[in-house]
Structures are given as structure tokens and as C-alpha cells.
Amino acid sequence: MTTIFDRLDIQGNILLPYGRSSYPIARHFLFHVRDKEQARAFLDWILPQITTAQYFPSKRSKQMQIPEDQLRQDYPEVLLNIAFTASGLEALGVPASVLRQFPNAFLDGMWKRAEMLNDDRADWNNAWKDQSHENTTHILITQRVSFNSCLEKVCESRKDDSFKKSDYLCQKTFDEARSSMIQHLDQETKRLLDQAENLGLVALSGHSNVDDDTKWLECESLVHTRLQDLAIAGISEDECLEMFKFQKDRGYVSSDATLTDLRYSEYEHFGFFDGIGDPVFEGQYPTAFQAEMAQGQGHLSSGQWRPIAPGEFLLGYPNEAQETTCHPMPYTFSRNGTFMAVRKLEQNVSEFHRTLVGQVPLMEQWLDNFECSSSSGQPSAVGNINKALKVLRAKLVGRWDDGTPLVHAPTYESWLNFRKRLLTLAGESRKGEQSAKDAWKKFKTKFTLFTFESDDTKGIRCPFASHIRRSNPRDSGDPSLRKDSDSSEISQASSLLVNRRRILRRGMTYGPAVDLTSENSVLNDQNSLGDAERGTFFVAICSDLERQFEFMQQQWLNYGSDFNLGNDICPVAGALHPSAASDVKDIKVMMSSERPDGSCSLPFVAKSTPRPVVCRGGAYFFVPSLSALRLLAQNRF
Amino acid sequence: MPSNEAGFYQLTALLPVKTGPYKALSGEKNVPQYCNSSQSYSHHLKDYLNQLSDSFLSNIDSKSSKSGDLHLFDHTRCTHFARFVVIDQLFYNGRRRHDSLIDFFRTLAAGKDLLSKKDKIDQLESPYLLIAIDFDCHPSSTSCVQDYLSDLWPYASQELTEILHHCEGFYLPVPPRGKRFTSRTADWNAYRTVERMILSHEVETTYPFSAYFWVADKVKRWNPSTDRVSPSEFKNRWGLFGIGILPFLLVIVSLLILPFYLGSFFFNWLYEYVPPGAELSEFYQAWNRWGIIGFALSVISVILFMFAWRYFINRANQPMPQIKGVDLKSISKSLYLQGEFLEMYKRWQDHDGFSKSSIRQHFSCFLDKHQPSDIESPSLQPGKYFSIRKMS
């Protein structure tokens, strides 16, 4: 039986993420409830404006063949979503008999459980601290406005620029559209804050990265130029130009395109393409589309991928153990709702980058001497430095900067080839031929479709300590495998250990971007941009915070025993326990490599900073369904 | 022996705790302050155990032990897990499920009310002390517990004596009137008592608390749609036949023959009442013959079945072979070596830039310093249990 969700009852961001280039700015407001009657009136006011999970009319919805009657009539201008902490539900007058049925992790809140997650409470912003009753976080409201509609208006007014969604734009058009979007967002923000103030809600401040008085945390997707995207592989400027010319000649890009054209990207501050491997679950996509999407992102057994059970991410549905995860009564209140762990993670970009740059000379030497795969031509000195840096970065994360998995492209050269093929196929498909489109679609699945146990048993391509191998071990650790398992058994490994530990990531970056294209820029820029706070507003959605989010953070990112790594933490997203933080100087990652003949060559031991990310605060929220919001607003328990 | 498996011994003992107010162990010199004369044995025992556990928690992260601290369990470095727990009472498990129709007829027959029938509730007559210790032990050894206790004794004699003093059946030999035992004899007596108590209250255990099987043992999953081979296919078919199928066949055969035997028995009984001089029919003679054969076969099959059963149980009771490298010393040494080796490699890589000439030197320094073949030291330090005794 396929699961069909009532999409009009589920909040928008849960089933599918909002487009990071269509809605590139999100403002997160934290509210404290003073008077429950007034707060209910506020909920009554906001209820009709909440964005649901109904499909937006778009190119993608056409691909998925969504019938007209299930589509939204319009493309929404403003997106609003709401979530509540446990104390927020209490403040709104949810009866204790209902509240007590919620799980412990949610009732405790992240502040009480910070120690378990290796967070140092001293680092937290005041807004998130759950200490005084005066300004506890009760409600989280996220607001976004559409970029495309602003862009369309700008293009119409200028007439010389044709409107095209999610494509590069010339600097001027981009800036105009962006400022018009921000203007629109400011209006909406004012409307929301005014209404909240009228109805006795206190907008909390102190969680912003700008100053202590701003009442919201603004997250914006990072902007990339065409040049930045072309040069992501660390190739020289001449090569970029050559590639650009090639693209123009073939007609992949329009003739008036320039290298300084901009667009909103999906990269995060360390410079990696983010948000690729999200799990796919039953009912998330139309049935015909689902099986295809589940490849590499679902539940793997007997070599077949199928979508994960919906109960892992939504309350009121069966989960992977064929149980309901937690179902506080009344059923209407919990069904179609879910939990959300929110963490403001500051990224120490310059320190991370500096640590890696410091290891580049050694890495170069290692690549020259022991990595016997390079042969293509004589790269320039600049190219070599970049190559070493790119290899280092890729081995820490498990993916190259553009998201290409190391399992498919283990060496720098193979990555360049992979990229070349990717860009060519993308260009061909843009011309509109069906066969080219199919080839492009098939090639794209490589980003998610891979396994560790069968493709990379010994961790030679993707190190055991790398970020993606730790946060989603896929088929590793299957108990039916052991040391002497033969290859046919290994190829049948299943994702048994991982199925119940997945999370939906809906995070966004905040703070100004750092230019990482040359290795010295960060060191020079320290006075201007280096000091500003930047990071990721991490959002994880799952139906059991303890079993899914907390387990992953504690056991896989902050502890390495499952990967035979002792106490080592994840080099990108792990955190040491505050008491141990002063003793550990660096985090080591061992990279193995193999000669073409299959024998092992000398490994390289890379290091990362002991605190790549610092948690500045966070909370656990309940994301209710629209029916539950109505219950809350009208207090009909 | 099920308690002794794959190189681990899972010692589990359940000892009833004395009831009544606590009385200090006779001859105890310094009675601790927490001793309260109106405390029950079980409360006193809990207090005492809590203090031991506090000593563990306060020392779990300490880098070095203070000199003079007395180790309890970690000195031998073979204890994976040790728990002393007081079980006050069993938890009520709820009513047993019955067939209400049968219940109805029963109560009807007994002429009782349906609700008057009460389930028997299991209860402990006194609190019990549960001792659960997992330690390394060679599978061939037959005196694992004795060896372990005698290793532990010099460090934990006072604690073990004090703990077991709370349990029913603990008594130390009394010296003859007017005389005193030497401290050596008293110690020996205490040891004998502790050993006797633990061994006589040991419960057979089949599953350890700590399992360090470094790769999980293969679980053969059987998928009926794809796999042709049934999961129960043994590698040793004759073994399967011998211990599984043969006894089963014998039972079937003896059950088939049993009616003949019973039939012959019946005819024999009839024969007793046959008037003298009457001719015995051929039918009866045939039955009688078959009956004798049937009886003999039944007896043989029962004997054979008993042998097969004993063989089966003996096989099941044999400890699994020791798994190499899963004793506590090897585990802590290998974790230690893993970290130190990476450290050494990194130092060589950073300072000497992959120069092949110096790797030997680095490696020999590493060998000298960390002694990979010596599992005793240097190694990771486990969490420390210290005695709560005050050093005199």
C-alpha cells in the first residue's frame, strides 16, 4: 500500500525543501508567549498564511506529473512556517495530559541535553539559553519571500534581460532583484512583528549574527559567480576561460553570458556543495517517481533501494520497525506533525582553511611520490597547490567540492573527468533533446547512488573518518558481514544499521561568505571578513530526536568507535567534549591509497581543527500539522 | 560450560541478603561512620556499594592515580564488567492469560466465583544481592572463578568480605576460646568463606554483558525468494544426522513398536485366565513374539536416545573457542597502539616529509617506547575503582 499524505495538512518544509535559489533568504524569529489568550489570537491570524506541503507549480512538478488539482494555483510570494518548543506548548495552554505524552528529549529541550551533544554551554547565545522564564524560546517562525517574482519584475522593467529561473544573472539585474526581494521581506517582517507585538508576543533578540538587538537570524544562500563555479575544481583561470569558451561555442550557455554572472548556489561556508544526500521516504514523491528517487537515498536490502517508511519522519505513520514512533493523543494533534532539531553552528572557516593550507606542501609531496595515478600532462605550480588542497578537502568530507562522491571519483584526475562529463551532459540536456535529458538524469544519480561496503570496503577511496561515511554509513556495519565474507556477500550488504538513524536536513547558511579561491585570501582578509560570524543554521527533521538526531551526533560524529576510530570526532561536524577540548590539538584523518596494481602505498595523515564548528545555541521544536495548529489556536483539546 | 564462553567467563551469583538490623562484622576494627545500628542489612549494603561506585565515578577521567589509592578491580586488567546490585523484590508481571471459556467451566465445576481465582504472584522472601562479573578466562580452565577470586583477593579482600557479610550463610570460623587466629589464618578463613559463598550461589549464564567480537559473527539471513539453500543446512551433515535426526527417528520407531508391546502384554494377561488345557492360538503366539521384539527394541531405543541426548547436551556445554585478541589487555593495548601509531606516522610525515631513511628510526623508537608485543604495558588505562578504605 502506498502512503498518500494529506499535503494540505503538513507544513511546507517537511516533505520537500524549499528551493534555495527560489527562496534564498530565510528569517528566523523566536517568540516568547506572555498571554495565552492573545497568543491564540495570533495563531488564528497566522494559520491561513502557513505554507503547506502542496506542490508548487514548477518545472519539477511537471516532471513528476502532478495532476492540476493537486497543484497550488499560484507560486507563493511569502512562505511562513511555525514550530513550538515544549515550554511553548505549555505556555499556549496545551493540557498537561497531552504534553506529558511527548518524548523526553523534546520535553527536556536541547539546553538541558547540551552536555550529551558535547556542546559547551558557555558558547551559547543568550537567546537560546533556557534559564530564565522571562525570555524562554516558545515559538519559531520562519519567513521567506520569493526571489523569482522580484526577478521577473526587474526583468520586465529592464526589457533587455530575459527572465529565466535559477540561472546566472548579470550583476546589475541580480542586485536589483535582491534589493527588491529584501524590501519585500522587510515589509513582511514588519507586518509579522507588528502583529506579534499587538498580540502580546515578545520577539526575542540575541540569536542573530549581526548584533544583539536584531530580532531575527537571517540566513541567505551563498552567491556564486560563474567563474567561481567553473573554478571549483581548482583549475587555473586560463583553463576556466577555455572551458567557458567551449561552452559558449557549443551553445550550452547564451552568447551574452559573462564570467561575472551571479546566482544563488547550494554551497556552504567551508566551500562544499551541501544538502545532497537527504533520505527519501514513502509518500514524499508521487508513486511513479518515488522508486527512482530512492536510489541511493532510501532503504537498501538485497541490492534493492526502496523508500524509507514514512513514520521515520512524520508522526502517525508506521516507521521502519512497523510501529508508530510517538503519538501523543489526541491523534489529530500529533498526526502529520514532526520534530525538528535546530542548531546554530558557527563555522571556523578561516581556521579550517588555514589548517588545510598548512598541510598542502606535504600533501603535494605525497601526491607526487605515492599517489601513482596522476599522469595527465604537466599541471602548473598553481594547479598543483590547488590539487593538493582539493584532495585534502575531499578526503575530509568524502565528496569533492561540487558534491561528486569520492567513491565514484577517487582521484583528482578522475574528478576532473567526471566534472567535464557532467558539464557536457548538462549543456546537451539544456538544448532540449530527450535522449540527452535522460543521459543527464542518469548521470546525476551518481551523486547519491553508491555504497561503501561493496564499492569501497577498505576505505581507500573514501576514508572511514570522512564526514559522509560517518553521518550516513549506508551499507557499512551490516551484521551479516564479517572479515571473511566473500564479494558476493559484500555486494548484498544492506543499510540495516542506518535506516532508523536518518534525518531530513533543511539547514541554510548565515553570515557573509569567504572567498576561498586562493589560499592566501583568508589570511589577508582576517581584519575585514575573517572576524564576522558565519555558519550554518542546521535544521534536522525526524520523528524521534533521541534515536535519530541525537544518536547520530553522539555516536557517529562525536565518537568514532563504530568506525574503528576510537575517540576521534568527525573532522567537519564533530565536537569534542568541553572537558577534553583543551587536550586535543588536532583531529587526524588517515587517507589510504592504492597503487594501480592494487597494492597499498603509504598513507597520508591529515588533520583538521579540533573545533571546526561551534554550537551557538539550538532547540528542539515540534512542527505541528495545520489541524494541530487549529487545535492550538482554538484551544479545543 | 555455558558460563565460560569464547574466552570470557560470565560470573553471575544470586545471594539472599540477611534480614533484620545490621550488625557489624565481628572483629572489625574501624567501624565506618555511616554505620547505623537501626539500618537493615540491605540498606547498609546499598550504602556501602554506593560509596564504591562513587569512587569509580570520581576517578573515571583522572589521568593518574594518587599514590596510596587501592585499586579494586582494574589491577588485574581482566575485568570487563562488574556489577553488585541489590534486588529488593520482583516486579509484578501482570496476570497470566487464560482461556476464559475453560476458566468458566472450571469455576462452574468448582462452584466458585469467576473472579475469585487469583494468580500466584512470585515473591522473594528476602532481598537478593546480584553479582555479575565478566572477566577473561581461558576456555580450557576448570577453575576460572577460583583463579579470578584469588587474583582479586589481595586488593579487594576487605570489600568482598564486607559485602558478603550481608548475605545469608556468611559466617567466619570462630577461634577456640581464649585464642586468636593469626592474621594469615583469618585472611585465609575469610577467603574460603567468600569463595564458598560465591561458588555455591552461582547461576549458570549463557549471555555475557560485554562482547567484544570485533566483527559481528555472521548471521545467515534466509530470503525464501532468492535463496535456495535452507538456513538450517549444516556444514556437517553427519553431525546433523547423529545429533538431530537419529534420536528423533528412534523415538518414532519406539512409539510405533509400543502398541505391539502393549498388545502382547494384554494377551499375556489374558493367558493367565485361560483354562488349562486350552490350545493357544497362532495369532496369540505371533503377537507374543512381536511383543517381545517390540519390548526389546523400545528399551534399546530409549537407551540410545538417552546417549544421544547426553551427547547433544555435552556438545552444547562445551565452551566456544577463545577469540584471539578480545581479552581486555589486548583490547586496551590495540586501541592505545592505534592512536600512538597514527601519532608517530604523523610526526614522521610532518617533520621528515616522507623521507624513507628516517622511517626506520621513527618506527624503532615507536617499538621501544610502546612495546607492541607486551600487552601488559604501556597501554590505555581503564577507569579506576579505588577502595574507600582509609590508608593507615
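The values are calculated or read from the model by the stated rules, or taken from the named source; none is laboratory data. Keep in mind it's a predicted model, so treat the numbers as computed, not measured. In this analysis, Cβ positions are derived from the backbone assuming ideal geometry, glycine residues included, and neighbour counts consider all displayed protein chains. Side chains are part of the model used for accessible areas, which takes the heavy atoms of the whole protein and leaves out ligands, DNA and RNA. Shrake-Rupley method; radii C 1.70, N 1.55, O 1.52, S 1.80 Å.
The table for this structure:
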{"item": "First in the stretch B:320-347 and within 12 Å of chain A (Cβ to nearest Cβ), second anywhere and modelled with pLDDT under 85 and not in a loop (DSSP other than H, G, I, E, B), Cβ under 6 Å, 6 or more apart", "result": "B:Leu342/A:Lys588"}
{"item": "Every residue from the stretch B:348-361 that is more than 9 Å from every other protein chain (Cβ to nearest Cβ) and open to solvent by less than 40 Å² (accessible area, probe 1.4 Å)", "result": "B:Trp348, B:Ser355, B:Ser358"}
{"item": "Unique residue being among the hydrophobic types (A, V, I, L, M, F, W, C), open to solvent by less than 60 Å² (accessible area, probe 1.4 Å) and without any contact (Cβ under 8 Å) to a residue 40 or more places away in the chain when the list is A:Leu71, A:Leu15", "result": "A:Leu71"}
{"item": "Every pair of residues 6+ apart whose Cβ atoms lie under 9 Å, when the first sits in the stretch B:362-382 and is farther than 15 Å from B:Gln338 by Cα while the second is assigned to a helix (DSSP H, G or I) and hydroxyl-bearing (Ser, Thr, Tyr)", "result": "B:His362/B:Tyr345; B:Pro382/B:Ser332"}
{"item": "Criterion: open to solvent by less than 40 Å² (accessible area, probe 1.4 Å) and either under 27 Å from the mean Cα position of the chain (by Cα) or free of Cβ contacts under 8 Å to residues at least 40 places away in the same chain (or both) - qualifying residue of A:Ala122, A:Ala53, A:Ala96, A:Ala91", "result": "A:Ala53"}
{"item": "Residue in the stretch A:459-467 that is under 28 Å from A:Asp568 (Cα atoms), among the charged types (D, E, K, R) and touching a residue at least 24 places away in the same chain (Cβ under 8 Å) present", "result": "yes"}
{"item": "From B:Leu160, B:Leu101, B:Leu108, residue being assigned by TED's automatic domain parsing to the domain that holds B:Lys23 and closer than 28 Å to B:Ser40 by Cα", "result": "B:Leu160"}
{"item": "Single residue of the stretch A:560-593 satisfying the filter (modelled with pLDDT of 80 or more and among the hydroxyl-bearing types (Ser, Thr, Tyr)) that is least open to solvent (accessible area, probe 1.4 Å)", "result": "A:Ser592"}
{"item": "Checking A:Gly432 against (1) over 20 Å from A:Glu239 (Cβ atoms); (2) of a type in the set (Gly, Ala, Ser); (3) touching an Asp or Glu at 6+ places or on another chain (Cβ under 6 Å), the condition it does not meet", "result": "(3)"}
{"item": "Residue within the stretch A:180-202 that is part of a strand (DSSP E or B), in the same structural domain as A:Ser221 (by TED's automatic domain parsing) and open to solvent by less than 80 Å² (accessible area, probe 1.4 Å) present", "result": "yes"}
{"item": "Answer from A:Ala580, A:Ala575 - the residue that is more than 24 Å from the chain's Cα centre (by Cα) and of a type in the set (A, V, I, L, M)", "result": "A:Ala580"}
{"item": "B:Tyr171 vs. criteria surrounded by 15 or more Cβ atoms within 10 Å (Cβ to Cβ), farther than 17 Å from B:Phe81 by Cα and among the hydroxyl-bearing types (Ser, Thr, Tyr)", "result": "no"}
{"item": "A:Ser454 being closer than 24 Å to A:Gly275 by Cβ and away from every other protein chain (no Cβ under 12 Å)", "result": "no"}
{"item": "Single residue of A:Met340, A:Met329 found to be modelled with pLDDT under 90 and either of a type in the set (A, V, I, L, M, F, W, C) or open to solvent by 10 Å² or more (accessible area, probe 1.4 Å) (or both)", "result": "A:Met329"}
{"item": "Residue match in the stretch B:365-377 (condition: open to solvent by less than 40 Å² (accessible area, probe 1.4 Å), modelled with pLDDT under 85, of a type in the set (S, T, N, Q) and assigned to a loop (DSSP other than H, G, I, E, B))", "result": "no"}
{"item": "Residue match in the stretch A:82-102 (condition: in a loop (DSSP other than H, G, I, E, B) and closer than 30 Å to A:Gln187 by Cβ)", "result": "yes"}
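Each row is one residue, and each column tells you yes or no for (1) at pLDDT 90 or above; (2) farther than 18 Å from B:Ala24 by Cα; (3) over 16 Å from the mean Cα position of the chain (by Cα).
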{"site": "B:Pro127", "(1), (2), (3)": "yes, yes, yes"}
{"site": "B:Ile133", "(1), (2), (3)": "yes, yes, no"}
{"site": "B:Ser141", "(1), (2), (3)": "no, yes, no"}
{"site": "B:His166", "(1), (2), (3)": "yes, no, yes"}
{"site": "B:Arg180", "(1), (2), (3)": "no, yes, yes"}
{"site": "B:Val203", "(1), (2), (3)": "yes, yes, no"}
{"site": "B:Thr206", "(1), (2), (3)": "no, yes, no"}
